[in-house]
Amino acid sequence: MPNSDIRKILFVGNYLPRKCGIATFTYDMRHSLARIFPDAECSVVPVNDRMNAYDYPAEVQFEIQEADLESYWLAADFINSSSTDIVCLQHEYGIFGGSCGSHVLALMNELRVPVVTTLHTVLKEPSPDQLRVLKAVCRLSSRVVVMTKRARAFLNEIYEVPASKIDIIAHGIPDVPFEKTDQYKARFQLSGKLVALTFGLLSPNKGIEHVLQSMPEIISHFPDFTYVVLGATHPGLVQAQGEQYRQSLERMAHDLGISKNVRFFDRFVDLAELTDFILAADIYVTPYLNQAQITSGTLAYSFGCGKPIVSTPYWHAEELLAEGRGMIVPFADPAALAEAITILCKDEPMRSQMARNAYQIGREMIWENSAKQYQKVFHQVCDEKASRPVIRSVAGSQAGLKLELPGWRFDHLRRMTDKNGLIQHASHSVPNMAEGYCTDDNARALILTVHLEELGCLSTGLERMANRYAAFIDSAYNPDTKRFRNFLGQDCRWLEATGSEDSQGRTVWALGACAGRSKRSKLRSWAELNFPKAAAPLRATISPRAWAFGLLGLNSYLLRVGEDHQAVSIRDELAGRLVDLYQRSATDDWPWFEEILSYDLGRVPHALIATGFHSENRDTLEIGLHALRWLIKVQKAPRQYFQPVGCYGFYPKGAEKARFDQQPIEANSMVSACMEAYRATRDSFWLKEAQSSFAWFLGRNDLGLELYDSTSGGCFDGLQEDRVNRNQGAESTLAFLHSLAEMNQFVRLQSASVRQFHDFVPVS
């Protein structure tokens, strides 16, 4: 393919003059690829770790502020409108803002161009958030590039990235001649000395103190041996504690009596000066203390320049220096360092042979070769893009993949259910017994079991759990007040005489679902017996949501019971109240039932759509549809994906919409409302909006993070500004499972005309 087919490449990552290894890598890669693509524009969008920006070169066209989420969306808008053909993203958790660098997902979710991501860190034992973020990064990338075979294996086995999506391209290195060290030693006043070098930003994990502790033994054999420590202190360390670490190394050298044999060069050097330092060295030492370092630019540079290397066994070193290409010593072992360095100093032929071998292998790693391999990957990605139209999936990928509905997992629901019923809260995935139980959640759980029964997914174990939820609701009824109680303590004592109005409405909904939709005769009979005494008190409630919940139960109940005059009367009264609220409150720019958008928002239009459809009341149906369309608009602006009203402040009329915390019940209520709208109208618009709302659980959201935890079967409690709330309470888990049931119900019941809506694929 001719170079002109790719006209603009955009690099995202740290960039010089910011002082860090990835900034240097991005800079070198960009310039190498600019030579390979002479007719293409090679632009950069760097990430800033401070407000006062760096003095970037002309190729920088836009800048991202690390901690500012909005900045990532603006960057995506810029890239999408800039005729970019491909984005080359540098990924390391610490580059980007948010929990474990999750802000990068906000950028990737919005991009409309293919992304090739180079992974600089692939952990063997990631935290749950690290795992979740990197899996999402790989999902949103057209291809991912790693630098070692071990990284590829980790990515495939731990992060579940298909091997066919992974490329190995070694860390690029400068192309330098294989020369003697003498002329370069003279530049740094090192003539006549045996020189060992360590370079890079200084921090305690580099293990330099262990080399210092090895030096008295080395100097006893080679008095002119000199250890050069090249590099500024890591900026983060300087900000936290100044130059304490460097000063501690200098004090150690003084105390060991080796100060004259140690040279500290306190500066961040450019590539030309760095190359001169490497060529001046006889031995390169990487005494790093972290085994989990999958890539080391300093190791690659020194190896490619033909330097004999002594290293601790971190992963990149183990792979690159295998089969005698270097000397490996244990971590934090000054004696072993002294022995290995002394052997190399004594055996000049061995040192020379190791240098020649490293230099020869290093020719494969020079930036020109690395750039050609990236060129091949870029063309492959662009060819694939050209061969088919890009259809963004709900999870934000650019591959045109269908939405695969997660398979059923009830592990967490079982874990949260005991002999009394459904436990209300969890600490991560562990039930929090101290918080007790509530009727709200047991009612929701009972409705879910009716969904599962309709789908043919109700196992014997789940049926037993359903009986516990029903028994909980039965015991919640207080004959003295003729209302349902809501909160039950851990000691099985009710904490109030009458529960909230919402809990009354949800109980009616659960009883109506069992009476009208369940085929389990005993459960149905129990629900039919209790429904009238539960529904009648709804007339005395004043909460619009309680009316909506009750209406959903009444509509289900009337499906089977038919002309129950009392139920019809209550239904019509509650629907009339909601219509009246709407007519008194709604304006052209605020077509809603109240002066605030608060919680469980989709339920009110859901209830009116269902009621209008089943009662054949066109006006009620139209009000529900109109309100729902507006609610969709409100919760998609300014981004074209679901962005629910946050619970910290909600959305008062005339004020700003709260962005966070976003709650799973909002996504669930919108899925249900949109599916009800589709059933009433057969307009595929509602299916797409149900899809969009469901996708929020799977990572199509502000942070690009999945709320559904496939390892536990639970759902996280909310999306915060920079992370997910990792608790998996009953409400959140049921919100996801209800939404999944709605999606599966659609797949089961779709008509032939709707089978063209290809984005739904059930997974057993």
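The values are calculated or read from the model by the stated rules, or taken from the named source; none is laboratory data. Bear in mind that the values here come from a model prediction, so they are computed numbers and not experimental data. Neighbour counts run over all protein chains shown; Cβ positions are idealised from the backbone, glycine included. To get the accessible areas, we keep the full protein, side chains included, count just its heavy atoms, and leave off ligands, DNA and RNA. Shrake-Rupley method; radii C 1.70, N 1.55, O 1.52, S 1.80 Å.
If a/c stays under 1.5 just call it rounded; otherwise compare a/b with b/c (prolate if a/b is bigger, oblate if not). Do that for segment 643-720, with a ≥ b ≥ c from the square roots of the Cα gyration tensor eigenvalues.
oblate
From the backbone phi of segment 483-497, what are the Karplus-calculated ³J(HN,Hα) couplings (6.51 cos²θ - 1.76 cosθ + 1.60, θ = phi - 60°) in whole Hz, Gly and Pro given as x?
9, 9, 7, 10, 9, 10, x, 4, 7, 6, 10, 5, 9, 7, 7
Are any of the pairs 419/519; 8/206; 8/149; 180/346 more than 28 Å apart by Cα-Cα distance, and if so, which?
Over 28 Å Cα-Cα: 8/206; 8/149.
Quick check on packing: order 352-364, 566-578 by the mean number of other C-beta atoms within 10 Å, highest mean leading.
566-578, 352-364
Set the Förster radius R0 to 35 Å, insert the Cβ-Cβ distance between residue 239 and residue 640 as r into 1/(1 + (r/R0)^6), and round the FRET efficiency to 0.05.
0.35
What FRET efficiency comes out for residue 615 versus residue 414 if R0 is 35 angstrom and r is the Cβ-Cβ distance? Round to the nearest 0.05. Show your work: numbers first, answer last.
Numbers: r = 38 Å, r/R0 = 1.10.
Approximately 0.35, to the nearest 0.05.
Using the Kirkwood radius built from alpha carbon pairs, what does the Stokes-Einstein equation give as D for segment 224-274 at 25 °C and 0.890 mPa s, in µm² per second?
Here the translational diffusion coefficient equals 203 µm²/s.
Return the whole-Å distance between the Cα centroid of segment 24-61 and the Cα centroid of segment 578-592.
Using only Cα atoms to place each centre, the spacing works out to 52 Å.
For residue 12, which sequence-distant residues (separation of 5 or more, or a different chain) have an amide H within less than 5 Å of its own amide H, given hydrogens modelled in the peptide plane?
Those lying under 5 Å, H to H, from residue 12 are 45, 88, 89, 90.
When 1/r is averaged over all different Cα pairs and the result inverted, which Kirkwood radius in Å belongs to segment 132-214?
17.0 Å is the Kirkwood radius here.
Where the centre of each part is set by its Cα atoms, how far does segment 643-714 sit from segment 62-113, in angstrom?
23
Give me a comma-separated list of calculated 3J(HN,Hα) values for segment 157-173, in order, Karplus coefficients 6.51, -1.76, 1.60 applied at θ = phi - 60°, integers in Hz, x for any Gly or Pro.
Coupling constants for segment 157-173: 7, 8, 9, 6, 8, x, 4, 5, 9, 10, 10, 9, 10, 4, 4, x, 9 Hz.
What's the extension gain from residue 77 to residue 622 if we count 0.36 nm per residue and subtract their Cα-Cα distance?
That pair, residue 77 and residue 622, stretches by 192.6 nm at full extension.
Among the listed pairs 165/376; 19/165; 193/260, which have their C-alpha atoms separated by more than 24 angstrom in this model?
Details: 165/376 14 Å; 19/165 31 Å; 193/260 12 Å.
Those over the limit are 19/165.
For helix 544-561, report the angle its Cα long axis makes with the longest principal axis of the Cα atoms of the chain; keep it between 0 and 90° and round to the nearest 10°.
Taking Cα atoms only, the helix is inclined about 60 degrees.
Only residues of segment 52-80 count here: report those whose backbone N is under 15 Å from the spot 7 Å along Cα→Cβ of residue 722, or say none.
Residues passing the 15 Å test: 65-72.
Note down the accessible area of residue 210, probe 1.4 Å, to the nearest 10 Å².
30
What ranking, highest mean first, results for peptides 645-654, 13-22 when packing means the other Cβ atoms within 10 Å averaged over each residue?
13-22, 645-654
If you average the sequence gap of Cα pairs under 8 Å that are 6 or more apart and divide by the length of segment 169-250, what percent do you get for the contact order? Working shown, then result.
Working: 54 pairs, mean separation 28.7, N = 82.
About 35 percent, as a whole number.
Give the long-range amide H neighbours of residue 715: residues separated by 5 or more places, or on another chain, with amide H under 5 Å away, using H modelled in the peptide plane at 1.01 Å from N.
709, 733
Cα centroids of segment 303-378 and segment 218-253: how far apart, whole angstrom?
22
Can you pull out the trypsin sites (Lys or Arg not before Pro) in segment 147-213 that DSSP calls coil and that have at most 12 other Cβ atoms within 10 Å? Before the final figure, lay out each step's value.
Values: sites: 149, 150, 152, 165, 180, 185, 187, 193, 206; in loops: 180, 193.
Taking segment 147-213 and a limit of 12 other Cβ atoms within 10 Å, the loop trypsin sites (Lys or Arg not before Pro) found are 180.
Of 42, 272, 715, whose Cα points farthest to the positive end of the dipole of the chain (charges on the beta-carbon: +1 Lys, Arg; -1 Asp, Glu; origin at the Cα centre)?
The residue sitting farthest along the positive end of the dipole is 715.
With only alpha-carbon pairs counted, each pair once and no self-pairs, how large is the Kirkwood hydrodynamic radius of segment 550-590 in angstroms?
For segment 550-590, inverting the mean 1/r across all distinct Cα pairs yields 11.3 Å.
Assuming a ≥ b ≥ c are the square roots of the Cα gyration tensor eigenvalues, decide whether segment 49-165 counts as rounded (a/c under 1.5), prolate (otherwise, with a/b larger than b/c) or oblate.
Working: a/c = 1.92, a/b = 1.53, b/c = 1.26.
Since a/c reaches 1.5 and a/b is larger than b/c, the shape of segment 49-165 is classed as prolate.
Please list the non-local residues whose amide H lies under 5 Å from the amide H of residue 596, H modeled 1.01 Å from N, same-chain partners needing a gap of 5 or more.
Long-range HN contacts for residue 596: 653.
Only Cα pairs under 8 Å and at least 6 apart count here; give the relative contact order of segment 627-748 as a rounded whole percent.
With pairs under 8 Å counted, the relative contact order is 22 percent.
Among all the aspartates and glutamates, which ones have a C-alpha under 16 Å from residue 185's C-alpha, if same-chain residues fewer than 8 places away are not counted?
224, 273, 276, 282
If you project the alpha carbons of segment 1-77 onto their three principal axes, what span does each projection cover, largest first, in Å?
Here the spans come out as 40, 27, 17 Å, largest first.
Below 8 Å, C-alpha to C-alpha, sequence gap of six or more: please give me the relative contact order for segment 247-385 in percent.
It comes to 21 percent, rounded to a whole number.
Quick one: grab the alpha carbon gyration tensor of segment 130-276, order the square roots of its eigenvalues as a ≥ b ≥ c, and give me rounded if a/c is under 1.5, else prolate or oblate depending on whether a/b is larger than b/c.
It is prolate, given that a/c is not under 1.5 and a/b is the larger ratio.
Say each of residue 460 and residue 427 gets a label point 7 Å from the Cα, pointing the same way as Cα to Cβ; how far apart are those two points in nm?
With each label placed 7 Å out from Cα toward Cβ, I get 3.6 nm.
Treating the angle as unsigned and between 0 and 90°, give the value, to the nearest 10°, between the Cα long axis of helix 367-387 and the longest Cα principal axis of the chain.
The angle comes out at about 20 degrees.
If you place +1 on the Cβ of every Lys and Arg and -1 on the Cβ of every Asp and Glu, how big does the dipole about the Cα centre of the chain come out, in debye to the nearest 20?
Here the chain has a charge dipole of around 1500 debye.
How big is the accessible area of residue 252 in square angstrom, nearest 10, if you roll a 1.4 angstrom probe over the protein chains?
Counting only protein heavy atoms, residue 252 exposes about 50 Å² to solvent.
Can you compute the FRET efficiency between residue 497 and residue 566 using 1/(1 + (r/R0)^6), with r the Cβ-Cβ distance and R0 = 22 Å? Round to the nearest 0.05.
0.30
Determine, for each peptide in 35-43, 691-699, 194-202, the mean count of other beta carbons within 10 angstrom over its residues, then list the peptides with the highest first. Walk me through the intermediate numbers first.
Numbers: 35-43: 16.3, 691-699: 24.8, 194-202: 23.0.
Final packing ranking: 691-699, 194-202, 35-43.
Select from 195, 155, 136 the residue farthest towards the positive end of the dipole of segment 135-201; place +1 on Cβ of Lys and Arg, -1 on Cβ of Asp and Glu, and compute about the Cα centre.
136
How much length would be gained if the chain were fully extended between residue 376 and residue 70, taking 0.36 nm per residue of separation minus their Cα-Cα distance, in nm to one decimal?
Full-extension gain reported as 106.8 nm.
Evaluate the charge dipole of segment 219-288 about its Cα centre and quote only its size in Debye, nearest 20, assuming +1 on the Cβ of each Lys and Arg and -1 on the Cβ of each Asp and Glu.
200
Over the chain, what percent of the accessible surface lies on carbon and sulfur atoms, probe 1.4 Å?
For the chain, the apolar C and S fraction of the accessible surface comes to 50 percent.
Using only the alpha-carbon atoms, how far is helix 334-346 inclined from the longest principal axis of the chain? Give it as 0 to 90 degrees, nearest 10.
40
Take 423, 328 and sort them by solvent-accessible surface of the protein heavy atoms, 1.4 Å probe, largest at the top.
Working: 423 5, 328 75 Å².
The ordering from most to least exposed comes out as 328, 423.
Dividing the Cα convex hull volume of the chain by residue count, how many Å³ per residue is that?
That works out to 180 Å³ per residue.
Through the Karplus equation 6.51 cos²θ - 1.76 cosθ + 1.60, θ set to phi - 60°, convert the phi angles of segment 468-477 into ³J(HN,Hα) values in whole Hz; use x for Gly and Pro.
5, 5, 5, 5, 4, 4, 4, 6, 6, 5
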